[in-house]
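Peer 1: Okay, here's the structure, questions in a sec.
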Amino acid sequence: MDVGELIVAEGRVASAALGRQLALIHEMSRQAPVAQFAPMELACLLSLTRFAAENQVRLATELCERLPDVLAALSNADIDLPRARVFVEALSALELETARQIASDVLPVAPQKTTGQLRDLLRRKALAADPAYVTTRRKQAEAMRSVQLHAADDGTAALTAFGLDAARATAAFARIGAIARARHATPPALTPAQALATTLALAPALAIATALTPALAPAPAPAPAERWSRFVPMCFWNC
């Protein structure tokens, strides 16, 4: 075997092992006396954060209970883990039988698709099978909307918002961009991306939150201990 063939072979071994591991994670979750404690047990076993362990348990549950053909394809090394995740994410808003039928139709061509191509194909088929697919997915995302603050190793931070109304988020982004262009039109010159990020960092957080979700009242200020705990090492603010 040349190096390329070895890379492919080792990838197949890893995919099969991950499929078997996810099946075992689901079995552990199913046997847990209290289902909510399963991620904690997994976090201890694999030295994961609570967030990562919850995602693993959720993925294992989706594959084992909703999309067993996708799990079988992963365990047989016909697809890899990133493709399996795409199936789960793209089909989560569909009824069980519809999701399984689409997965069955697409699995034969999945190995030849990139994750982006696979996602587009699954979305097209989901929309054809259920015209309310987009609305359902949007409602799911809105129900889980949050603002997350991630501390980076270089001393900076990333502020990310999920589940926002698309029109309001687009309008807010355009407004921040206009302020950035006006503020940084004179030297020292910044790239458009640097000007945008600098303006966002200087903008009042409450004003941005109000612009994006005007129907929501601002949350009360947290106690000092709670406030600092939100920043180490990751912050989650549910909107």
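The values are calculated or read from the model by the stated rules, or taken from the named source; none is laboratory data. None of the values given here were measured: they were computed from a predicted structure. Every residue, glycine among them, receives a Cβ derived from its backbone with ideal geometry; neighbour counts consider all protein chains shown.
Peer 1: Can you pull out the helices (runs of 4 or more DSSP H) entirely within segment 1-110 that have at least 3 residues that are of a type in the set (D, E, K, R), farther than 19 Å from Ala126 by Cβ and assigned by TED's automatic domain parsing to the domain that holds Thr135?
Peer 2: Fully inside segment 1-110 and qualifying: 3-31, 50-61.
Peer 1: Just checking, how many residues over segment 106-123 are surrounded by fewer than 13 Cβ atoms within 10 Å (Cβ to Cβ) and either touching a helix residue (DSSP H, G or I) at 6+ places or on another chain (Cβ under 8 Å) or touching a residue at least 60 places away in the same chain (Cβ under 8 Å) (or both)?
Peer 2: So the answer is 1.
Peer 1: Let me ask something else about it. Is it the case that some residue within segment 15-35 is among the basic types (Lys, Arg), closer than 26 Å to Ala141 by Cα and at pLDDT 95 or above?
Peer 2: no
Peer 1: Take the residues in segment 128-155 that are assigned to a loop (DSSP other than H, G, I, E, B) and among the aliphatic types (A, V, I, L, M); name whichever of them is nearest to the chain's Cα centre (by Cα).
Peer 2: Met144
Peer 1: Then there's this: When you go through Ala93, Ala126, Ala103 one by one, which is the residue that is crowded, with 18+ Cβ neighbours inside 10 Å, touching a Lys or Arg at 6+ places or on another chain (Cβ under 6 Å) and of a type in the set (A, V, I, L, M)?
Peer 2: Within the list Ala93, Ala126, Ala103, the selection yields Ala93.
Peer 1: When you scan segment 84-130, how many residues do you find that are under 19 Å from Leu18 (Cβ atoms) and in contact with a Ser or Thr (Cβ under 6 Å, 6 or more places away or on another chain)?
Peer 2: So the answer is 1.
Peer 1: Any residue in segment 67-81 that's modelled with pLDDT of 95 or more and surrounded by 20 or more Cβ atoms within 10 Å (Cβ to Cβ): show its pairings with residues that are charged (D, E, K, R) and assigned to a loop (DSSP other than H, G, I, E, B) at Cβ separation under 9 Å, as long as the two are six or more apart or on different chains.
Peer 2: Leu74/Asp80
Peer 1: Please list, ordered by first then second residue, the pairs with beta carbon atoms under 6 Å, 6 or more apart or interchain, first in segment 126-144 and touching a residue at least 12 places away in the same chain (Cβ under 8 Å) and within 10 Å of Leu94 (Cβ to Cβ), second surrounded by 14 or more Cβ atoms within 10 Å (Cβ to Cβ) and not aliphatic (A, V, I, L, M).
Peer 2: Within 6 Å, the pairs are Ala126/Tyr133; Ala129/Thr98.
Peer 1: If we scan segment 133-150, do we find a residue that is acidic (Asp, Glu) and either on the phi > 0 side of the Ramachandran plot or at pLDDT 80 or above (or both)?
Peer 2: No - not one qualifying residue is present in segment 133-150.
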